[in-house]
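Peer 1: Here's a structure for you.
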Amino acid sequence: MAELTPSLAAVLHDVLGRERSRIVGALYRLCGGLDAAEEALQEALVAALATWPTDGVPDNPAAWLTTAARRHALDGRRRRGVAAAKAPMLMEDPMAAEDALETIHDDQLRLIFTCCHPALPRDGQVALTLKVILGFTIEELARAFVCAETTMAQRIVRAKRTIEDKQLAYASPGWRELPGRTTAVLEVLYLIFNEGHTARTGALARLDLQAEALRLARLVSELLPREPEASGLLALMAFGVARAATRADAEGVLVRLEDQDRDRWDLARIEEGLFALRRARTLGGRGSYVLQAEIAACHTTAPTWAATDWDAITRAYDELLALGNSPVVALNRAVAISMREGAVAGLVELAPLAEILARYHLFYATRAELLRRLGRDPRPDYERALALTQNASEQAFLRRQIASLDS
Amino acid sequence: MTAMTDYLLMITERPAAATRAAVTERAATRAAVRTHLAATGALVDGGELHPSAESKRVRRTGEALAVEAGPFDATLESYYLVRTPDLAAATALAKALPLHPDDVVDVRPVMKGAIKADKLDQPGKVFAFAVLGAAADEPTWIQQMDRIDLATHDKLAIPGGCGGVRLEAPTTGRRVAFDASKARVVDGPFLECKEVIGGLFFLRMPSLEDATRWASASPFVALGGLEIRELWRS
């Protein structure tokens, strides 16, 4: 039995990786609360660890876990007696072996919409999504977001209480059509992805968070197949993950896009991104995520940095700016302009941003590069950028740039 | 009025792209093929499949169920259902596709059935199931497909079903092969592979595992074989 344990752990990990949102979604409907749903799944996992080593892994492990968890949920409701009346979402025989396809999709969407409810604070949405839907532990979350475990635990408890108090569970008909739901979900996924992209401190990329965000984006774009922004976000993340392994060198120092080894980019993720972007275009989307995906597609498919389609990228940035005037977008557009028309044109674009981006390290890092291309002194800007970033990988890169000025 | 017939154009899967340039070019080609066919007005439905490396083949040998993981040789990369007056017109469509040297397109008349064109607008994953038959000669292969048809013709009205087509025998179709200069028609196709596609149908399923489980218990596998491929949303 001892040698069975590692493979059993692998089976459970694999099943939960694929099916967790489906199982927890069904349990959430059945139990009427996130805590009860998570508890029921835990009980089922304990039961699996107790019986699978002797009985063998069932043919359909996900269905086995769901049925076992449903049994525990039902027992729990019986034990609580009167409290059962407070669970309004019990809609069908909990022992039904398999849910209908529509029920599965509804369950998953309800779970995601609840965790990302716009009435919750942003950090609560993110923590809940990672914990409930993806199964991160409090300890893992605390490490990922650089905070104390008690802080993270409180964040989760508060978010769950808000859901209960305000009855945000979407049990009523028409919950899918509520406005703002999709936007909030996509924002949470985007935030998780970016948290993985550039950590505020420590190592540059948390690849696991990015991969998890990509997995969720896949699920959301499957559940909302006619939403171009969901496909756009999926494409954007797929392109990001495709390049993730080359964003830092062996010492963990940032490698700029222009210096990355393009032969090491992940071809399967590039293909996935191109399909998702095509879907978004077919649906007629030109929202923020679709436009960012268009830009990422230009970069990801360009033969080299110099041979990038800067015209197309500039046009996409123009469209993005038209959606809402963001100084960070304007900064990125200035880089595209500098590649298309030269460093002087780039500096002209940067000038009006100096005040509003005065505390943003990438403004100075960008201006330093342009000054350097013109043979002017970039040192003060590199040093200001260095002082403004807490990211170790970026700091190391900037120190390297400064050191290279001396040689 | 000319009677119109449905034909299935099946583009053979190419080896996995090994470079970024190849991935990019392939994506552009796929989009161009779809656009080209849509512009002809003949396109009824079309789709592109995830790589066969991510797929399963399920068949039964005697009592034993065999589930084989891809990649597979000479299998589908994409399908296009077109409506034209005759085989010559469908073959002409295939020859005019914006494809590249070494690409192969099989053109087969549809015996019966229809595919739901809006299947990807519904939530969830959609899987394509290619019905495979293995036989020494065409009459035997046709008998095998008839048996499968008889056992399954009322079985596809299940939840998540998105329709499907049964194809005529391989010799009723044409194979179009592209080389450096032009597309040319090869006689056949023949029963040259050990398994030949006799139909294509679609189901919405939560995962490849669910699809494989469903397939394993189906008469398709009891009497022949199925290749299960996820459909890209594009």
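The values are calculated or read from the model by the stated rules, or taken from the named source; none is laboratory data. What you see is a predicted model; the values in this text were computed from it and never measured. As a convention, Cβ positions derive from the backbone with ideal geometry for all residues, glycine included, and neighbour counts pool all protein chains shown.
Peer 1: For region A:328-344, which residues satisfy the criterion of being of a type outside the set (Val, Ile, Thr) and surrounded by 15 or more Cβ atoms within 10 Å (Cβ to Cβ)?
Peer 2: Within region A:328-344, A:ALA330, A:LEU331, A:ASN332, A:ARG333, A:ALA334, A:ALA336, A:SER338, A:MET339, A:ARG340, A:ALA343 meet the criteria.
Peer 1: Of everything in region A:214-261 that's assigned to a helix (DSSP H, G or I) and in contact with a His (Cβ under 9 Å, 6 or more places away or on another chain), which residue is farthest from A:ALA280 (Cα to Cα)?
Peer 2: Selected residue: A:LEU257.
Peer 1: Determine whether A:GLY232 is buried (at least 22 other Cβ atoms within 10 Å of the Cβ), within 14 Å of chain B (Cβ to nearest Cβ) and at negative phi.
Peer 2: The answer is yes for A:GLY232.
Peer 1: Would you say A:ALA36 is more than 23 Å from B:MET205 (Cβ to Cβ) and surrounded by fewer than 16 Cβ atoms within 10 Å (Cβ to Cβ)?
Peer 2: Taking the combined requirement at face value, the residue does not satisfy it.
Peer 1: So which residues in region A:114-164 are assigned to a helix (DSSP H, G or I) and among the polar types (S, T, N, Q)?
Peer 2: Scanning region A:114-164 gives A:THR114, A:GLN125, A:THR129, A:THR150, A:THR151, A:GLN154, A:THR162.
Peer 1: Are any residues in region B:23-48 in contact with a Gly (Cβ under 9 Å, 6 or more places away or on another chain) and crowded, with 20+ Cβ neighbours inside 10 Å, and if so, which ones?
Peer 2: B:VAL33, B:LEU37, B:ASP45
Let's see how each residue does on (1) away from chain A (no Cβ under 14 Å); (2) at pLDDT 95 or above; (3) out of contact with any Leu (no Cβ under 7 Å at 6 or more places or on another chain); (4) under 26 Å from B:ALA169 (Cβ atoms):
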position	(1), (2), (3), (4)
B:MET4	yes, no, yes, yes
B:MET10	yes, yes, no, yes
B:ALA17	no, no, no, no
B:ALA21	no, yes, yes, no
B:ALA38	no, yes, yes, no
B:ALA42	yes, yes, no, yes
B:GLY47	no, yes, no, yes
B:PRO51	no, yes, yes, no
B:GLU77	no, yes, no, yes
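Peer 1: Of all residues in region B:6-22, which are buried (at least 16 other Cβ atoms within 10 Å of the Cβ) and either in a strand (DSSP E or B) or free of Cβ contacts under 8 Å to residues at least 24 places away in the same chain (or both)?
Peer 2: B:ASP6, B:TYR7, B:LEU8, B:LEU9, B:MET10, B:ILE11, B:THR12, B:ALA17, B:ARG20
Peer 1: If A:ARG200 satisfies all but one of (1) in the same structural domain as A:LEU254 (by TED's automatic domain parsing); (2) in a helix (DSSP H, G or I); (3) modelled with pLDDT under 90; (4) charged (D, E, K, R), what's the number of the condition it fails?
Peer 2: The single condition A:ARG200 does not satisfy is (2).
Peer 1: Quick one: in region B:120-142, which of the residues that are charged (D, E, K, R) and more than 17 Å from B:GLU48 (Cβ to Cβ) is surrounded by the fewest Cβ atoms within 10 Å (Cβ to Cβ)?
Peer 2: Per the criteria, the residue is B:ASP137.
Peer 1: Further question: Would you tally the residues in region A:299-332 being among the polar types (S, T, N, Q), over 24 Å from the mean Cα position of the chain (by Cα) and closer than 20 Å to B:ALA28 by Cα?
Peer 2: Residues flagged as among the polar types (S, T, N, Q), over 24 Å from the mean Cα position of the chain (by Cα) and closer than 20 Å to B:ALA28 by Cα within region A:299-332 amount to 2.
Peer 1: Quick check on my filter: what residues within region A:353-407 are assigned to a helix (DSSP H, G or I) and of a type in the set (Lys, Arg)?
Peer 2: Those that are assigned to a helix (DSSP H, G or I) and of a type in the set (Lys, Arg): A:ARG367, A:ARG372, A:ARG373, A:ARG379, A:ARG384, A:ARG399, A:ARG400.
Peer 1: Check region A:303-316 and report whether any residue there is in contact (Cβ under 8 Å) with a residue 24 or more places away in the chain, within 13 Å of another protein chain (Cβ to nearest Cβ) and within 25 Å of B:HIS50 (Cβ to Cβ).
Peer 2: No.
Peer 1: While we're on this one: Can B:THR91 be described as hydroxyl-bearing (Ser, Thr, Tyr) and touching a His at 6+ places or on another chain (Cβ under 9 Å)?
Peer 2: Taking the combined requirement at face value, the residue does not satisfy it.
Peer 1: Before we move on, is A:ASP266 within 17 Å of A:ILE337 (Cβ to Cβ) and more than 9 Å from chain B (Cβ to nearest Cβ)?
Peer 2: In short, no.
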